[in-house]
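**Q** First the structure, which I've put down as structure tokens, then a few questions once you've had a look.
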Amino acid sequence: MTKVNTSAKDPIASTRLTLKDGWRALVALRDPKGNVLSPSDWEKLLADPRWLLDGDGRRLKSDECGSVRVRTIRVGARDLCVVVKVQKQASRFKGFFRNLRSARAVRTFRTAVKLQAMGVASEYPLAALEQRKGLWSTKNIYISNYIESRNLYYFLREDLATFGHREPACRRTVARQIAEIFAGLHNGGLWHRDAKAGNFVVQVSGNLCKVMLVDLDGIKPYRLCRRRNRFRSLAKLASTVLCHRSIHSSDYRRTFSTYCEFTDLREDCRKTYRELATRAVAVRLLSMATSAMEGRGIFVDANG
């Protein structure tokens, strides 16, 4: 009998599947449009998950940490355009402890479900797979719904100016939605340690712009240094768009003031904004220095 996990705090019904060769999966039982995805259909599709490790599909990213591709999968009678993220396991000493935990794909799936429950605009999780040998997690794959969009970096650089007389309204919309995402994370006890522009996408439909958060690996619960981590995300995002002439100082202020409104941050807002501006410039300069040093074969820890 399949056990379905769902609750008011967990709006995406999901179930666990045990597959062959040590593979197991956590799968959603509905797609983003609400269509049913049955456990038996998932079992047929994922009977041998190794086909997800091949290089089929359009590549979005590929590096030493893994690969990200867009491809179409068929779950029962439904064709879904998805993002397949294959993540390599850590092989160094610290990887010893990481590989004892649930795979990163499974943790990302759970984070995505939590964000959906919190109402944070973000990618929709469909499946997380991991292969284990004994206590060790050896392979993991995360599958989410593909969003036809542009990442925030390219949207600001190339698309914003095409809106003509609607550009001011688009700026306000994007600024407000970014603030809503950060505020939603904060109010839910979370922060994003890698909130760069490439991890946000903008979906344009007619006159409407919708900002969504993707690549959720960097989302963590608050622990120590709550205040520092709270504003670290804002500074990180600002640092990645500082180079754009299309971004005005009013855009930064609008985003921050809206964030303050949603999080009831009322004291010392001006002082905090100045601190963030200084930190964003520092992060940008450090990133540039890191790139230059690495180009000369010198390693610099950009995370400080």
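**Q** Are any residues in segment 43-78 closer than 23 Å to Arg16 by Cα, outside any strand (DSSP E or B) and either under 22 Å from the mean Cα position of the chain (by Cα) or not assigned by TED's automatic domain parsing to the domain that holds Ala127 (or both), and if so, which ones?
**A** Those that are closer than 23 Å to Arg16 by Cα, outside any strand (DSSP E or B) and either under 22 Å from the mean Cα position of the chain (by Cα) or not assigned by TED's automatic domain parsing to the domain that holds Ala127 (or both): Leu52, Leu53.
**Q** Quick check on segment 125-139. Is at least one of its residues among the β-branched types (Val, Ile, Thr) and surrounded by 17 or more Cβ atoms within 10 Å (Cβ to Cβ)?
**A** No, every residue in segment 125-139 fails to be among the β-branched types (Val, Ile, Thr) and surrounded by 17 or more Cβ atoms within 10 Å (Cβ to Cβ).
**Q** Looking at (1) modelled with pLDDT under 90; (2) part of a loop (DSSP other than H, G, I, E, B), find the lone condition where Lys20 falls short.
**A** Checking Lys20 against (1) modelled with pLDDT under 90; (2) part of a loop (DSSP other than H, G, I, E, B), the one that fails is (1).
**Q** Sort through Lys139, Lys210, Lys133 and tell me the only one that's at pLDDT below 90 and within 26 Å of Leu37 (Cβ to Cβ).
**A** Just one listed residue meets the conditions, Lys139.
**Q** If a residue counts only when it is within 30 Å of Asp41 (Cα to Cα) and hydroxyl-bearing (Ser, Thr, Tyr), which strands (runs of 3 or more DSSP E) contained entirely in segment 100-212 have at least 3 such residues? Even if it seems obvious, please write down each step before you answer.
**A** Values: elements: 125-133, 136-145, 190-192, 200-205.
Hits in segment 100-212: 136-145.
**Q** Specify which of the listed residues (Cys243, Cys225, Cys209) is hydrophobic (A, V, I, L, M, F, W, C) and on the phi > 0 side of the Ramachandran plot.
**A** Testing whether each residue is hydrophobic (A, V, I, L, M, F, W, C) and on the phi > 0 side of the Ramachandran plot leaves just Cys225.
**Q** Okay, moving on. Quick one: in segment 19-58, of everything that is touching a residue at least 60 places away in the same chain (Cβ under 8 Å) and surrounded by fewer than 16 Cβ atoms within 10 Å (Cβ to Cβ), which residue is nearest to Gln131 (Cα to Cα)?
**A** So, considering only residues that are touching a residue at least 60 places away in the same chain (Cβ under 8 Å) and surrounded by fewer than 16 Cβ atoms within 10 Å (Cβ to Cβ), the one nearest to Gln131 (Cα to Cα) is Gly22.
The values are calculated or read from the model by the stated rules, or taken from the named source; none is laboratory data. Just so you know, these numbers come straight off a predicted model, no measurement behind them. Ideal geometry is used to build each Cβ from the backbone, glycine not excepted, and the neighbour counts take in all protein chains shown.
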